[in-house]
Amino acid sequence: MIGRLNHVAIAVKDLAVATALYRDMRDHPGVTVTKFSEVSTGLSRYDYVDIQAKTQRQIAEEPIDAAVILFGTNDAQGISLDGVIHDFGTDGWKAAYARRIDDLVAMLRGQGIAVYWVGLPEMKRVGFDGRMDLINGVVSERMEALGVPFIETETLTRDAAGEYDAYLPETGTGRRRLMRASDGIHMTMAGYIRIAEPVAARLKRDAGLETPTEATAEPAGA
């Protein structure tokens, strides 16, 4: 629960998610969406960018009330931890990845920051989707154990038959819109807006910012 929502820090690989969330939150005075993002980063390669240390520096420079986290598309690679390299998908990798998740959540909560974790969407290529499913599994398990809201996005990015579809109905109009980029990984702005909607709904609910209309609707992925 967020006591008083002033700033929402977006710790994501792609700035577009932060932009989409800003679109949903901009009508609430005093709410600022801050982009804490870094291209091509994640929790696997701290030799490239140490997300734990970087996030600590960012929140020291700009205090926040809530952090919305989305990582994973660059994380299907080995993790070096305590002098040991753990290959992706092994039990050692899962334990190392879980440890980095736990450390990041503990650091944020230790400073009174509410944490929200967004799951990875459905991917076009079956092999890559399987790797992202593995990451989603580790993350969702840790979120349940830690009591952190996990906002699932796979169902939001599938069609009525439960399959990947680049075109999906737009909220409100029902009009089919192109939601995914040609690589089947990234999204168009319409797609980012789609996955940001349940995130914004959860933040508004927890911060007491819902309008009467919003309060009567149960957000997807909540």
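The values are calculated or read from the model by the stated rules, or taken from the named source; none is laboratory data. The model shown is predicted, which means the values in this text are computed figures rather than measured ones. Reconstructed Cβ throughout: ideal geometry from the backbone, glycine too, with neighbour counts over all protein chains shown.
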Out of 35, 94, I need the residue that is farther than 26 Å from residue 133 by Cβ and touching a helix residue (DSSP H, G or I) at 6+ places or on another chain (Cβ under 9 Å). Which one? 35
State the number of residues belonging to region 161-173 that are modelled with pLDDT of 95 or more, small (Gly, Ala, Ser) and either exposed (fewer than 14 other Cβ atoms within 10 Å of the Cβ) or assigned to a strand (DSSP E or B) (or both). 2
Scan region 52-72 for residues that are under 18 Å from residue 15 (Cβ atoms) and basic (Lys, Arg) and jot them down. 54
Kindly check whether there is at least one residue in region 147-154 that is assigned to a helix (DSSP H, G or I) and within 24 Å of residue 21 (Cα to Cα). no
Just to be sure I understand, how many residues within region 51-75 are in a loop (DSSP other than H, G, I, E, B) and in contact with a helix residue (DSSP H, G or I) (Cβ under 9 Å, 6 or more places away or on another chain)? 6
Do we have any residue at all in region 115-123 that's more than 20 Å from residue 44 (Cβ to Cβ), hydroxyl-bearing (Ser, Thr, Tyr) and surrounded by fewer than 15 Cβ atoms within 10 Å (Cβ to Cβ)? no
For region 126-172, what are the residues that are among the polar types (S, T, N, Q) and over 19 Å from the mean Cα position of the chain (by Cα)? 171
For region 41-63 the number of residues that are surrounded by fewer than 22 Cβ atoms within 10 Å (Cβ to Cβ) and hydrophobic (A, V, I, L, M, F, W, C) is 4
Residue satisfying condition, being assigned to a helix (DSSP H, G or I), among the basic types (Lys, Arg) and either surrounded by fewer than 19 Cβ atoms within 10 Å (Cβ to Cβ) or at pLDDT below 95 (or both), within set 205, 177, 194: 205
Failed condition for residue 160, given (1) touching a residue at least 12 places away in the same chain (Cβ under 8 Å); (2) more than 17 Å from residue 198 (Cα to Cα); (3) of a type outside the set (Asp, Glu): (1)
Please count how many residues of region 76-105 are in a helix (DSSP H, G or I), surrounded by 13 or more Cβ atoms within 10 Å (Cβ to Cβ) and free of Cβ contacts under 8 Å to residues at least 24 places away in the same chain. 5
Loosely packed, with under 15 Cβ neighbours inside 10 Å and over 20 Å from residue 40 (Cβ atoms), is that true of residue 111? yes
